[in-house]
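The structure appears below as structure tokens.
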Amino acid sequence: MKVSGFSFIRNAVKYDYPITEAVRSVLPLCDEFVIAVGKSDDGTLQLIRNIGSPKIRIIETLWDDAKRTGGAVLAEETNKALRAVATDSDWAFYIQGDEILHEQYLDTVKDAMLRWKDARKVDGLLFNYRHFYGSYDYVAVSPHWYRKEIRIVRPQGNIYSYRDAQGFRKDNNRKLSVKSVDACIHHYGWVKHPQYMRQKVENFVRLYHDDRWLQLHLPAADEFDYSGIDLLTRFKDTHPEVMRERIARTNWFFDHDLSKTNLSWKYKLKMWVEKRTGYLIFEYKNYRTI
């Protein structure tokens, strides 16, 4: 079995993305790793080079910042990396710059890839998600956060990154047929110093909206306000080993009163139904489980 990894990144230093940890977390499963490094305002290219693995192959890209509708440029950059992976790979493992695969799942993921390698009806593998928020001690748990997403796909031809690169589709806009993997991706995109988080949010929103929208909906501020979160729970498990050094460098404090929630009535209803039936109503699924 041959496995390629792939990702994209730009301005990782400026916005404090854990991209090196992301890449390192999946490297043990990969025979190669292709990363599209967009022209940056900082030392991102050297940062990736410094990972020092012979498996890594860098392609330098230029982002089309004119594509500010729905984050289309993110899918475009993802596809640049996907199209560059080895054509004889059986699987392609996608990891974004703020996502980490815990080492406890390496064997589980490898076994799943081996199990479904020759089942051509299986387009990809579906992972569970854990979204950290504010600090490394809290996880967002309301229905607002997506719970599953595709992170391993067939690299041949007709599969492409969809919309803003959260998931994938195939020819004629069809959903992928996937098998679930009992493994969890740790998403750290909402864990940063409030100053870095504010900068990241402003930069990210620019990929979706024009300047007029930003002026109307994103008031000026020096730091991100984490207090508006709807529902959190305290994290009591372990973080991936590759995150140990970054977590030790934490230089801000975030605390949250778990008894307080900002849930809308819509999400309260969803959680009430799920608690009693085990089914989350109106859950968005960009895939077809088989």
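Can you give the local net charge around residue 16? Use residues other than it whose beta-carbon is closer than 11 angstrom to its beta-carbon, Lys and Arg +1, Asp and Glu -1. Net charge in that neighbourhood comes out at +3.
By the scheme Lys and Arg +1, Asp and Glu -1, what is the net charge of all other residues having a beta-carbon under 10 Å from that of residue 134? Net of charged neighbours comes to -1. The relative contact order of the chain comes to 21 percent, based on Cα pairs under 8 Å that sit 6 or more residues apart.
Only Cα pairs under 8 Å and 6+ residues apart enter the sum, and on that basis the relative contact order of the stretch 5-121 stands at 38 percent. Here the simple spin-label model places points 7 Å from the Cα toward Cβ, and for residue 83 and residue 146 these points are separated by 2.2 nm.
The HN-Hα couplings worked out from phi for the stretch 190-201 by the Karplus form 6.51 cos²θ - 1.76 cosθ + 1.60 (θ = phi - 60°) are 10, 10, 7, 3, x, 5, 5, 5, 4, 5, 5, 4 Hz, whole numbers, x standing for Gly and Pro.
For the residues 29, 106, what sequence is obtained by ranking on other C-beta atoms within 10 Å, fewest first?
Working: 29 20, 106 15.
Taking fewest neighbouring Cβ atoms as first place, the list is 106, 29.
Over 18 Å apart: what share of the alpha carbon pairs of the stretch 194-289 falls there, rounded to a whole percent? For the stretch 194-289, the share of Cα pairs beyond 18 Å comes to 70 percent. Between 175, 260, 39, the Gaussian network model of the chain with springs among Cα atoms under 10 angstrom shows the greatest mean-square fluctuation at 260. Please tell me which of these pairs span more than 24 angstrom C-alpha to C-alpha: 39/200; 179/266; 80/170; 2/200; 14/260; 117/148? Listed pairs above 24 Å: 179/266; 2/200; 14/260. The distance between label points at residue 235 and residue 212 comes to 4.0 nm (points 7 Å beyond Cα on the Cα→Cβ vector). The Rg/Rh ratio for the chain, using Cα coordinates for both the radius of gyration and the Kirkwood hydrodynamic radius, is 0.95.
Once you've got the GNM for the chain with C-alpha springs shorter than 10 Å, pick whichever of 275, 179, 110 has the biggest mean-square fluctuation. Judging by the Gaussian network model, the answer is 275. Full extension of the chain between residue 156 and residue 204 yields a length gain of 14.3 nm, computed as 0.36 nm times the residue separation minus the alpha carbon distance. With loop membership from DSSP and a limit of 12 other Cβ atoms within 10 Å, the longest segment of the chain without chymotrypsin sites (Phe, Trp or Tyr not before Pro) is 1-252.
Percent of Cα pairs in the stretch 1-132 per distance bin of 10 Å, from zero to the largest separation: 12, 43, 34, 11, 0.
Full extension of the chain segment joining residue 223 with residue 67 gains 53.5 nm, where the gain is 0.36 nm per residue of separation less the Cα-Cα distance. Students often get this wrong: which residues of the stretch 1-45 have the backbone nitrogen under 16 Å from the point 7 angstrom along Cα-to-C-beta of residue 248? Within reach of a label on residue 248, which here means backbone N under 16 Å from a point 7 Å along Cα→Cβ, the stretch 1-45 contributes 21.
Less than 12 Å Cβ to Cβ from residue 53, Lys/Arg counted +1 and Asp/Glu -1: what total charge do the surrounding residues give? Spell out each step's value before the answer.
Working: positive: 24, 49, 55, 57; negative: 31, 32.
Overall, the nearby charge balance is +2.
Among DSSP bridges having both ends in the chain, what percentage is antiparallel? Round to the nearest 5.
Working: 21 of 47 bridges.
Once the DSSP bridges in the chain are tallied, antiparallel ones form about 45 percent.
Bear in mind these aren't lab numbers, they're just calculated from the coordinates by the rules spelled out. Predicted model only: the values in this text are computed from it and were never measured. Backbone-built Cβ (ideal geometry, glycine too); neighbour counts: all protein chains shown.
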